[in-house]
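J.: Next up is a structure, given as structure tokens.
We did not get these values from a lab; they are worked out from the coordinates using the rules stated. The structure presented is a predicted model; accordingly, all values stated were derived computationally and were not measured. Cβ placement follows ideal geometry from the backbone for every residue including glycine, while neighbour counts extend to all protein chains displayed.
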Amino acid sequence: MSGSVSGTVNGGISFWYADDGLPAVREPLGGDSAADVVIVGGGYTGLWTAYYLKKAAPFLRITVLERRFCGYGASGRNGGWLYNGVAGRDRYAKLHGREAAVRLQRAMNDTVDEVIRVADEEGFDAAVHKGGVLEVARTPAQWARLKDFHAHELTFGEKDRELLGARETAERIRVADAVGSTWTPHGARLHPVKLVKALAAAVEALGVTIHELTPVTEIRPQHAVTPYGTVRAPYVLRCTEGFTAGLKGQRRTWLPMNSSMIATEPLTDAQWASVGWAGRETLGDMAHAYMYAQRTADGRIALGGRGVPYRYGSRTDNDGRTRPETVEALRELLVAFFPALAGVRVEHAWSGVLGVPRDWCATVTLDRSTGLGWAGGYVGSGVATAHLAARTLRDLVQLDSGQGGRTELTDLPWAGHKVRKWEPEPLRWLGVHGLYAAYRAADRRERRTSGAGSSRLARIADRVAGRH
Ligand SMILES: Cc1cc2nc3c(=O)[nH]c(=O)nc-3n(C[C@H](O)[C@H](O)[C@H](O)COP(=O)(O)OP(=O)(O)OC[C@H]3O[C@@H](n4cnc5c(N)ncnc54)[C@H](O)[C@@H]3O)c2cc1C
């Protein structure tokens, strides 16, 4: 499950599990059974959905079916950015008008606070620190993009977002070559595994049945089929995100995109003094192949970026094992940001998969004619989005079953959004690898030249990928 590349633990699902321990696994499904709602997938989406449905209607019999164990997927491996980004907002503005997209943005801002509130109320000890999100620019082209991004966010009502120059940025964090940054208060750092473990325990304590080591092979109306039996329920909710391609008939629905991370050893006080980062903001940049990082509760830097973005045939996982070249590339990125950390040991490296729809728009849907629902396609921003999606799925089920009416959430523009499927192989593999090669080349060119314009290559890649 795990190996060692020059002292770095590679795989083992994630550093967060190495830190907090793997959970005891729950019993698999023991045969055919019935429920009112069956949820496929025990990540944040499935578990928050179970949580909110059971709270709203305690009489519901809810079963969660999880292929490995709750938190095995991205929910146990992510960068721990609980933030207000939602994939597809700009496209939703084009499709449904700006006012609708602003409502979606506000709902995301509120979601960050809602997760923190519920975690607090439930006594989840998830190392949450709300320091906001800081995104830095390190080249003139990134700075130009960052200023455009900042101005663009203001048009979505994000008035509390700040634009910081080089000196103000350095007062927060000393990133080499940083020319400026933008900061929003709507973000917090957390420990992903502590959150998902506590959430699964809370869901179970509410009376939801969770079966682990139970792969669902097929979802049909009113049926979730597994090798150990079928669970029948009027509502079957698919919450499998980056693993969705493994389900019968879903191969081209959401592309499983890899993201890889490293965690350093704990830094010394002197090293932290050289870095700054007292505000513990989640940290990102404006590169096309962007990075994301957090200062962990135990004083490490956990930093991620795209590794090998996509594996042929939508293959997904090997417990997070990561190619040594990717580990080295992330270490080099860490040192490029913080040259004083050149000698710091990388203790752990891992990868996970996220789900990317053909139009890069997250969605939450309940098909009222079949009772089949799903939520996901969050791309890289599912920690908060999954929570909003879960509350929306709750409202959609309540609406459909006559226990509730339309709500602010059911009327958000991402509810019920449909998108075409990805191309078949080999086009899918060629397309995604070409896309990331183009992004890396664009980043290299922007670092070499001092021009302020975004590389044309990246703009073309965005268009081809369906991102704009
Ligand atoms: C390395 C990495 C870093 C990330 N960093 C961030 C971040 O900092 N901030 C952010 O907002 N987002 C981040 N994301 C994305 C975020 O983690 C996800 O969007 C979010 O966790 C998705 O939750 P989910 O429950 O929908 O999916 P998952 O957590 O992937 O859960 C799906 C579950 O379904 C199970 N499953 C799959 N197929 C089946 C089946 N056939 N039968 C039964 N069970 C099945 C899986 O085992 C898994 O447990 C990151 C993702 C990765 C991979």
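J.: Over the Cα atoms of segment 283-402, what radius of gyration and what Dmax do you get, in Å?
T.: Radius of gyration, then largest Cα-Cα span, for segment 283-402: 18.5, 61 Å.
J.: How big is the dipole moment of segment 32-107 about its Cα centre under a simple scheme where the beta carbon of each Lys and Arg is +1, that of each Asp and Glu is -1, and everything else is neutral? Debye, nearest 20, please.
T.: Magnitude of the dipole: close to 300 debye.
J.: Here's another thing I want to ask about it. Roughly how many whole Å is it from the C-alpha centroid of segment 29-62 to that of segment 83-104?
T.: Here the two parts' Cα centres lie 29 Å apart.
J.: What FRET efficiency comes out for Lys248 versus Arg167 if R0 is 51 angstrom and r is the Cβ-Cβ distance? Round to the nearest 0.05.
T.: Given R0 = 51 Å and the Cβ-Cβ separation, E is 0.35.
J.: What distance in nm separates the two pseudo spin-label positions at Gln403 and His223, each 7 Å out from Cα along the beta-carbon direction?
T.: My value for the distance between the label points is 2.6 nm.
J.: At what distance in nm do the modelled label points of Arg445 and Ala340 sit from each other, each positioned 7 Å from its Cα along Cα→Cβ?
T.: So the two model labels end up 3.6 nm from each other.
J.: Can you list the residues, at least 5 places off or on another chain, whose amide H is less than 5 Å from the amide H of Thr226, using H built in the peptide plane?
T.: Close amide H contacts, sequence-distant or interchain: Thr217, Val231.
J.: Considering amide H positions built from the backbone, and no H for Pro or chain starts, which residues 5 or more places from Gly43, or on another chain, come under 5 Å of its amide H?
T.: It is Gly71, by chain and number.
J.: Only loop residues by DSSP count here, and only those with at most 15 other Cβ atoms within 10 Å; note down the chymotrypsin sites (Phe, Trp or Tyr not before Pro) in segment 1-62 that meet that.
T.: For chymotrypsin sites (Phe, Trp or Tyr not before Pro) across segment 1-62 that sit outside H, G, I, E and B with at most 15 neighbouring Cβ atoms in 10 Å, the list reads Phe59.
J.: Would you work out the charge dipole size for segment 176-237 about its Cα centre, treating the Cβ of every Lys and Arg as +1 and the Cβ of every Asp and Glu as -1, and quote it to the nearest 20 debye?
T.: In debye, rounded to 20, segment 176-237 gives about 120.
J.: Within 15 Å, Cβ to Cβ, of Ala24, how many net charges do the neighbouring residues add up to if Lys/Arg are +1 and Asp/Glu are -1?
T.: -2
J.: At 0.36 nm per residue, and after removing the present C-alpha to C-alpha distance, how many nm does the segment from Val25 to Lys421 gain when stretched out fully?
T.: Extending this stretch completely gives an extra 139.1 nm.
J.: As an exercise, use a Förster radius of 35 Å and the Cβ-Cβ distance of Ser274 and Asp319 to find the FRET efficiency, rounded to the nearest 0.05.
T.: Efficiency, from the Cβ-Cβ distance: 0.50.
J.: List the pairs from Lys94/Lys159; Lys54/Lys421; Lys197/Lys421; Lys55/Lys248; Lys54/Lys159; Lys54/Lys194 whose alpha-carbon separation is above 27 Å, in the order I gave them.
T.: In this structure, Lys54/Lys421; Lys197/Lys421; Lys55/Lys248; Lys54/Lys159 exceed 27 Å between Cα atoms.
J.: Between segment 329-389 and segment 176-234, what is the separation of their alpha carbon centroids in Å?
T.: Here the answer is 13 Å between Cα centres.
J.: Report the dimensions of segment 336-425 along its three principal axes from the alpha-carbon atoms, largest first, rounded to Å.
T.: Cα spread of segment 336-425 along its principal axes, largest to smallest: 61, 34, 20 Å.
J.: In what order do Cys70, Cys239, Cys361 fall by count of nearby beta-carbon atoms within 10 Å, going from fewest to most?
T.: So the residues, fewest neighbours to most, are Cys361, Cys70, Cys239.
J.: What dipole magnitude, in Debye to the nearest 20, does the chain give about its Cα centre under +1 on Lys/Arg Cβ and -1 on Asp/Glu Cβ?
T.: 1500 debye
J.: Using only Cα atoms, figure out Rg for segment 52-152 and give it as a multiple of 2.2 N^0.38 Å.
T.: 1.42
J.: Here's a follow-up. For the residue pair Glu332 and Lys55, what label-to-label distance in nm results when each label sits 7 Å from Cα along the Cα-to-beta-carbon direction?
T.: Between Glu332 and Lys55, the label points sit 4.6 nm apart.
J.: Which residue, Pro339, Thr392, Thr363, has the largest displacement toward the positive end of the dipole of segment 297-412 when charges sit on each Cβ (Lys, Arg +1; Asp, Glu -1)?
T.: Toward the positive end, the furthest listed residue is Pro339.
J.: Can you tell me the FRET efficiency between Glu121 and Asp160 if r is taken as the Cβ-Cβ distance and R0 is 25 Å, rounded to the nearest 0.05?
T.: 0.50
J.: Give the order of Val40, Val327 when sorted by the count of other beta carbons within 10 angstrom, beginning with the fewest.
T.: With the fewest neighbours first, Val40, Val327 line up as Val327, Val40.
J.: Mean projection of the alpha-carbon convex hull of segment 179-233 over all orientations, in nm²?
T.: So the mean shadow area of the Cα hull is 7.7 nm².
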